[in-house]
1. Any idea how many residues of region 1-41 are open to solvent by 100 Å² or more (accessible area, probe 1.4 Å) and either touching a Phe, Trp or Tyr at 6+ places or on another chain (Cβ under 8 Å) or in a loop (DSSP other than H, G, I, E, B) (or both)?
2. Sort out which residues of region 42-57 are among the β-branched types (Val, Ile, Thr) and in a helix (DSSP H, G or I), and write them in order of number.
3. Give the number of residues within region 24-38 that are of a type in the set (Val, Ile, Thr) and in contact (Cβ under 8 Å) with a residue 12 or more places away in the chain.
4. Which one is modelled with the highest pLDDT, of the residues in region 59-84 that are within 22 Å of Pro33 (Cα to Cα) and open to solvent by less than 80 Å² (accessible area, probe 1.4 Å)?
Amino acid sequence: MFGKKPKPRRDLPAIDITKKPVKGMFGRTKMVPTTKKEQRQMKAVLMKKYPDRYFVDDLKEYNSVKQDLSWIDRIEEFDAFMDD
C-alpha cells in the first residue's frame, strides 16, 4: 500500500496488444485491430504474468508505449543516401 510500484524494464521487448489473431477464410489467420475494451482485458491478464513489461497499446497508461516506427525513416534515409 505504501511501497513503490515496480517500474517496468526497458531492456525487455514490449508486448503488442493492438492486434489479435483471428481465423479468416480457408483456415488462414489474420491480424485485426483490437478494441480498447479487449486491450484492457488482455492487459489485465498479461500484467499478472509479466508485471515488469511494457505494452504497445492505445490506452495511454503508465506502462504503455507507442509503436516505434523510426526504423522506417532510417531505411529511407539510407536508401536516399545510396541512390546519390
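The values are calculated or read from the model by the stated rules, or taken from the named source; none is laboratory data. This is a predicted model, so every value here is computed, not measured. Glycine gets a Cβ as well: all are built from the backbone with ideal geometry, and neighbour counts include every protein chain shown. Each accessible area value is taken on the protein alone, full model and side chains, heavy atoms only, with ligands, DNA and RNA left out. Shrake-Rupley method; radii C 1.70, N 1.55, O 1.52, S 1.80 Å.
1. Adding up the residues that qualify gives 9.
2. Taking region 42-57 and keeping what is among the β-branched types (Val, Ile, Thr), we get 45, 56.
Matches in region 42-57: Val45 only.
3. At the first step, the residues of region 24-38 found to be of a type in the set (Val, Ile, Thr) are 29, 32, 34-35.
This time we only want the ones that are in contact (Cβ under 8 Å) with a residue 12 or more places away in the chain, so: 32, 34.
Residues that pass the stated criteria total 2.
4. Leu59
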